[in-house]
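To start, the structure under review is shown below, and the notes come after it.
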Amino acid sequence: MTNQQKQFQKSVMHVLEAVMFENWLRFYFITEIPDAPPTADGRTPLFVAVPDKGMDRIKEDYSHLLSIVEDMNGKEIDFETSRRTVCTFVLERLDGKVMPRDMAAVILGSAIFQAQMQLFNIWVQVYESRLDETFLEFGEWRNLFAQWRQSPGAREIAEKLLVSGQSAVGSAAETTQ
């Protein structure tokens, strides 16, 4: 593996960590505010509510991800807010700092990142009941996902996702030419 490939893989993992952290926040700290006015589609709004003790722990252990929770805490949350928070973090905190400048768009659009993100989503779905049983620190989430990702079944899924992602990228490139 060349240095450029190693840097790309490392950059993918930095972006994936941000996605995972945002997902972890929503998984454990999302709450309904029953007396809040309903959304336009009639749903009760959802908010991220990280208690002070949790914020202190995040500042200690995950200070590099702190701006994500600061952007979300106490605010109504939906898919667009989550997506925007992660993208802003990647552009402001990672691009040109822990990865080469202007690499964020390349990473986010890459088949490798898309496959890793889908793999993470599969892991959350498969382990959701276990993750629900008790609160797990974000580091535990990372470790459990890393262990699962090394399993033969997860490796097989990753390969299939990567192949299908590269096919989709190739097909999109062919149709735009």
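The values are calculated or read from the model by the stated rules, or taken from the named source; none is laboratory data. Keep in mind that this is a model prediction, so the values were computed, not measured. Methodologically, a virtual Cβ is constructed for each residue, glycine included, from the backbone with ideal geometry; neighbour enumeration extends over all protein chains shown. To get the accessible areas, we keep the full protein, side chains included, count just its heavy atoms, and leave off ligands, DNA and RNA. Shrake-Rupley method; radii C 1.70, N 1.55, O 1.52, S 1.80 Å.
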Problem - At R0 = 25 Å, FRET efficiency that the Cβ-Cβ distance of Phe27 and Val106 yields, to 0.05 - result: 0.30
Handout entry: the chain, helix-only ellipticity at 222 nm - DSSP H runs n ≥ 4, -39,500 (n - 2.57), divided by all residues, nearest 500
Key = -22500 deg cm²/dmol
Fill in the blank from the handout: Sorting Gln125, Val163, Val86 by the position of each Cα along the dipole of region 3-172 (Lys, Arg +1; Asp, Glu -1; all at Cβ), the one nearest the positive end of that ordering is Val163
Exercise for the section: Return the sequence-ordered ³J(HN,Hα) values of region 72-84 in whole Hz as given by the Karplus equation 6.51 cos²θ - 1.76 cosθ + 1.60 applied to θ = phi - 60°, using x for Gly and Pro. Expected result: 9, 4, x, 10, 5, 10, 8, 4, 5, 5, 4, 4, 5
Exercise for the section: Compute the signed sum of charges (Lys and Arg +1, Asp and Glu -1) over the other residues within less than 15 Å, Cβ to Cβ, of Asp41. Expected result: -3
Completion exercise
GNM of the chain, Cα pairs under 10 angstrom: of Asp52, Asp35, Asp102, the biggest fluctuation goes to Asp35
Problem - Centre separation in Å (Cα based) which lies between region 113-129 and region 1-80 - result: 16
Practice task
Using +1 at the Cβ of each Lys and Arg and -1 at the Cβ of each Asp and Glu in the chain, identify which of Gly42, Ser63, Asn3 lies farthest towards the dipole's positive end.
Solution key: Asn3
Completion exercise
Simple spin-label estimate for Lys59/Thr88, 7 Å along Cα→Cβ, in nm, reads 2.0
Problem - Ala36 paired with Gln147, simple spin-label distance in nm, labels 7 Å along Cα-to-beta-carbon - result: 3.5
Practice task
For an R0 of 30 angstrom, estimate the FRET efficiency from the Cβ-Cβ distance between Lys6 and Glu137 and round to the nearest 0.05.
Solution key: 0.60
Completion exercise
Semi-axes a, b, c in Å (a largest) for the chain, each sqrt of 5 times a Cα gyration tensor eigenvalue, come to 29, 19, 19
Practice task
Using a 1.4 angstrom probe, figure out how much accessible area the chain has per residue, in square angstrom, rounded to the nearest whole.
Solution key: 60
Problem - Pairs of Lys in the chain closer than 28 Å at Cα, counting only those 8 or more apart or on different chains - result: 9
Exercise for the section: Would you mind working out the magnitude of the charge dipole of the chain relative to its Cα centre, with +1 at each Lys and Arg C-beta and -1 at each Asp and Glu C-beta, to the nearest 20 Debye? Expected result: 680
Completion exercise
Of the accessible area of the chain, computed with a 1.4 Å probe and all protein chains kept, carbon and sulfur make up a percent value of 52
